[in-house]
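Throughout, read-outs are computed from the coordinates displayed, never taken from laboratory work. Keep in mind the model is a prediction, meaning the values are calculated, not measured. A quick note on method: Cβ atoms are made from the backbone with ideal geometry, for glycine too, and the neighbour counts reach across all protein chains shown.
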């Protein structure tokens with residue numbers, strides 16, 4: 001018996017049990033439509049994640065952060081400073097290392113004054129993703145250029161909808177920063193008056209007494225340390241600059257990636273620290289630098305700065321696992337987006353598998369129980385067990401194919417309706433609009449193959465049971 | 001000389017509840033090619049079971065069947081299927097047509113399993129239906145045909161593969177007199193052309209009229225074998241429901257076989 005004969009018999013048999021076949025096919029349609037909708041949603045999200053990772057350049061990026069010291073750590077954790085930055089940039093597979101430099105300012109633009117964060121980046125960093133994507137290739141004219149890029153978040157803060165009209169406009173940023181000068185001014189003040197004061201308070205002839213000497217030193221040093229810290233905290237200086245907006249970065253916002261509202265060249269950030277010690281106004285940073293001695297290191301004050309994060313831009317084919325090992329060996333923590341992406345992909349695999357199992361159960365439930373007296377007739381005509389089994393399997397497969405084809409169509413229509421509704425909701429909420437569904441060709445074929453395979457698998461037992469049916473019993477009728 | 005089809009101590013016993021039923025009990029017979037044999041007997045006498053055994057639809061529980069030198073009881077299930085596909089044509093009382101197929105397709109289906117090339121099937125099926133007077137009913141489904149026409153389609157399906165033997169189980173049981181006569185005439189004609197016909201019937205008169213030989217069965221055994229039923233009178237006082245000759249159980253119900261709804265008319269004069 002040829003395959004065409006099997007199809008003939010199967011379709012004829014289905015025609016005979018029209019109602020039951022229709023109900024079974026309906027079950028398959030529902031199962032496959034659900035399967036397609038769920039997988040379409042999963043695939044849509046996977047596509048969105050993949051696009052986001054690619055567009056943001058996350059797959060060639062590793063973030064390095066200082067390791068928090070735990071009670072178990074016997075030695076001090078490494079400081080993520082300029083020196084560490086240089087070491088990190090020389091690791092194999094690392095193309096570039098750049099620090100995360102952000103500070104808070106008061107910004108005035110479009111007759112509005114707001115408090116906002118400013119991110120400082122180098123020209124080199126501006127040429128790579130995600131910044132290059134965000135500003136469409138616009139680059140600061142120099143490292144010291146009084147220029148700025150603002151993002152959608154800044155526009156929201158100042159209540160401007162049409163960001164393009166800000167391009168070419170001025171933005172004034174100002175902040176109060178701590179500096180060694182202001183701190184030391186508090187400590188020393190007027191040296192002559194200070195000396196007179198000390199001479200007045202200290203009994204020099206008693207200094208030979210170790211107890212008195214110790215008391216005086218502790219009092220005098222403590223007093224000066226207290227004034228130093230007071231100088232750091234309460235005598236910050238105000239630094240201000242007027243910048244020209246050269247671009248509005250908004251493309252990146254569709255991924256809702258937290259990007260600073262204002263981006264400026266690194267040189268501008270340096271001016272925001274009168275001592276050059278740091279662009280941050282956090283006094284603890286200065287104290288740390290003082291404590292570690294790096295504030296007076298040969299590399300200059302810049303070396304003393306501790307960064308909250310350093311980003312490594314890797315070569316496309318570099319092994320992130322190896323780089324992470326090297327980073328951790330230096331005493332830092334490392335986070336690879338590519339490694340995370342693998343986890344995401346693994347998640348999707350489990351997700352698909354889970355959906356597959358659900359679909360399988362639904363289909364198996366829908367496809368069971370096709371048997372009829374046709375077996376007896378076919379056996380009396382000379383059909384053997386294998387042919388009967390094949391006829392039933394083809395019958396199950398036909399149900400699966402028809403159900404899957406209709407199910408794919410229904411599933412697709414369903415996702416289009418949901419996507420249209422979601423689009424309206426997203427637009428009303430002023431959210432970035434994206435289609436969470438996709439129906440790639442592989443999914444169409446997968447659903448079709450899945451429907452047929454599962455229906456046939458579900459028909460396997462009834463088919464083998466049918467093949468073993470006694471023809472005499474079968475001819476007596478159901 | 002050994003007959004073409006022989007059985008020796010052929011038995012088909014089965015269990016129903018806790019009782020053993022001897023549907024066919026130690027039947028030994030020989031049938032030559034070209035014979036027209038009628039098997040008559042009361043309901044439950046085992047005639048349909050005997051027919052199913054000879055047609056290879058059922059397997060004996062004892063004894064043996066030999067057809068053309070081939071022991072059916074030794075064949076594998078696959079070989080038995082091949083035997084049915086190539087050598088056997090079967091006609092049933094209830095026609096057993098595929099209701100979703102046309103008359104032509106029904107007949108063609110018989111050629112799916114005997115190795116007939118696909119290209120030949122339609123032509124042969126068409127030819128057979130025309131020969132049986134159904135040339136204008138080729139595209140009709142069984143539901144659109146009369147009982148007589150349906151039985152002729154069933155006959156066409158049985159004959160289209162050119163079998164060596166035609167088994168007919170109450171072929172006229174569901175037909176009116178006119179259609180029954182037509183079917184019987186057809187069987188006679190086919191037998192005249194050399195086809196071996198083995199027919200089960202309740203109608204002793206008809207068997208006497210058309211068959212060359214009549215086997216009379218009673219409780220699983222062949223109690224009469226003669227050229228004519230009239231020549232082989234059964235036990236004169238056969239009770240309508242005698243206790244079966246099995247080791248247990250009160251009755252001998254109809255063994256598994258194609259459903260038969262015809263009245264019991266075979267208890268002899």
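If you average the sequence gap of Cα pairs under 8 Å that are 6 or more apart and divide by the length of region B:5-231, what percent do you get for the contact order?
29
Most exposed first by the Cβ proxy, i.e. fewest other Cβ within 10 Å, how do A:161, A:333 rank?
A:161, A:333
Using Cα pairs closer than 8 Å and at least 6 residues apart in sequence, work out the relative contact order for region B:95-199, in percent.
Relative contact order here is 30 percent.
Just want the ordering: B:105, A:156, from fewest to most Cβ atoms lying within 10 Å of their own Cβ.
A:156, B:105
If you count the DSSP beta bridges with both ends in region B:5-231, what percent of them are antiparallel, to the nearest 5?
Antiparallel bridges make up about 50 percent of those DSSP assigns within region B:5-231.
Shape verdict for region B:22-147, please, from the Cα gyration tensor: rounded (a/c under 1.5), prolate (a/b greater than b/c) or oblate.
Prolate is the answer for region B:22-147, as a/c is 1.5 or above and a/b outweighs b/c.
Based only on other Cβ atoms within 10 Å, what is the fewest-to-most ordering of A:260, A:226?
With the sparsest Cβ surroundings first, the list reads A:226, A:260.
Show me the ranking of peptides B:124-135, A:437-448, B:34-45, A:201-212 by mean Cβ neighbours inside 10 Å, starting with the highest.
Taking the mean over residues of other Cβ atoms within 10 Å, the ranking is B:34-45, B:124-135, A:437-448, A:201-212.
Return a whole-number percent for the relative contact order of region B:1-135, with Cα pairs under 8 Å and 6 or more residues apart as the contact set.
Over region B:1-135, the number comes to 20 percent.
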